[in-house]
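Heads up, the thing below is written out as C-alpha cells.
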Amino acid sequence: MYETSSESISSFMHWAAGRIAREVEENEAIEKETGVRNYQPDSVCARFYNEDDKIKAIQAVNYYRDEGMKTPDACKKFGICTSSYNRWRRQLGVPKYKRK
C-alpha cells in the first residue's frame, strides 16, 4: 500500500528519532572510553592530530580490539585509517598490540 504524505513524514520522524538516540549512545560510549567530551575523530582532521591525540586514538583502537574487533574495523569505528594507526604507533614507540 502507498503511504500518505503525513504517514511518510511520521515514518521518517520515527526513524530519525531512533537514529539520533543511537548516535547519542555511541557518542556517550566514546566519551566514556576516551575521557574526552568533544573528541571528533575523522580522517580529514587526523593529519592535524598532536601527539596526545594520536596516543588517545591508538588507545581507543586497542580498546576496540580488546573487545574482539579486527584492526581495520576498530580504526574505521574510531575514524582513522589503518595506515595512520600503524604509522603513529611506530612513530610514538607504542609496542605492537597484544590481546589481553
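Separation between the His14 and Lys70 pseudo-spin-labels, each 7 Å from Cα along Cα→Cβ, expressed in nm? Distance between label points: 3.6 nm. Our note on the geometry: Cα centres of the range 11-26 and the range 55-100, 28 Å apart. Each peptide among 57-66, 12-21, 80-89 gets the average number of other Cβ atoms lying within 10 Å of its residues, and from highest to lowest they stand as 57-66, 80-89, 12-21.
Just so you know, all these numbers are worked out from the coordinates, no wet-lab data involved. All figures in this text were calculated on a predicted structure; none of them were measured in a lab. Glycine also receives a Cβ, built like all others from the backbone with ideal geometry; neighbour counts cover every protein chain displayed.
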